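A.B. asks: Take a look at the following structure, please.
The values are calculated or read from the model by the stated rules, or taken from the named source; none is laboratory data. Note that this is a predicted model, so its numbers are computed, not measured. Please note: Cβ atoms are built from the backbone with ideal geometry, for glycine as well, and neighbour counts cover all protein chains shown. Note: accessible area is taken over every heavy atom of the protein model, side chains too, but ligands, DNA and RNA are not part of it. Shrake-Rupley method; radii C 1.70, N 1.55, O 1.52, S 1.80 Å.
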Amino acid sequence: MLEEYLPFIGLIIFGNIENLILASQGVVEGVNPRILGLLSIIAVIVWLFIGTVATEVAIQYSNYITFIGGLAIVILGIVAIRDAVRNIKSNKRGE
């Protein structure tokens with residue numbers, strides 16, 4: 001049973017990283033941590049459901065899905081770093 005999910009192991013890892021990046025973006029923007037946590041849990045449950053139901057259909061596209069997921073992580077990471085640097089610079093100017 002676990003063997004059918006092995007092509008998606010990269011996407012599982014990327015998904016966890018994406019969740020951390022989105023959480024850091026929320027912290028940088030000053031979002032309420034409880035709301036951010038709740039939305040994060042909802043997103044994980046939705047992706048778990050989609051992943052469980054759609055595995056049979058998506059298995060033939062696993063390489064493409066993993067690539068797109070990895071690309072999204074890189075883009076989100078760049079945006080998060082850019083926003084964090086802007087926030088740090090604006091806080092230093094205000095001090």
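A.B. asks: Considering the options ALA23, PHE49, ASN87, tell which one lies farthest towards the positive end of the dipole of the chain, charges being +1 on Lys and Arg and -1 on Asp and Glu at the Cβ, about the Cα centre.
C.D. replies: After comparing all options, I get ASN87.
A.B. asks: Still on this model: Could you please put LEU76, LEU71 in sequence from largest to smallest accessible area, using a 1.4 Å probe?
C.D. replies: LEU71, LEU76
A.B. asks: Given the Cα-Cα distance of VAL53 and ARG82 and 0.36 nm per residue of separation, how much length would full extension add, in nm?
C.D. replies: Once the chain is fully extended between VAL53 and ARG82, it gains 6.9 nm.
A.B. asks: OK, next. Between SER40 and ARG93, with labels modelled 7 Å along Cα→Cβ, what's the label distance in nm to one decimal, could you check?
C.D. replies: A separation of 2.9 nm, rounded to one decimal place.
A.B. asks: Take the Cα coordinates of the chain, assign each an equal point scatterer, and use the Debye formula without solvent to give log10 I(q)/I(0) at q = 0.11 Å⁻¹.
C.D. replies: -0.42
A.B. asks: In a shell of Cβ-Cβ distance under 12 Å around ASN87, excluding ASN87 itself, what net charge do Lys and Arg (+1) and Asp and Glu (-1) give?
C.D. replies: Numbers: positive: ARG82, ARG86, LYS89, LYS92, ARG93; negative: GLU29, ASP83.
The answer is +3.
A.B. asks: Show log10 I(q)/I(0) for the range 33-81 at q = 0.13, 0.18 Å⁻¹, two decimals, from a solvent-free Debye sum over equal Cα scatterers.
C.D. replies: Cα-only, vacuum Debye calculation for the range 33-81: -0.44, -0.77.
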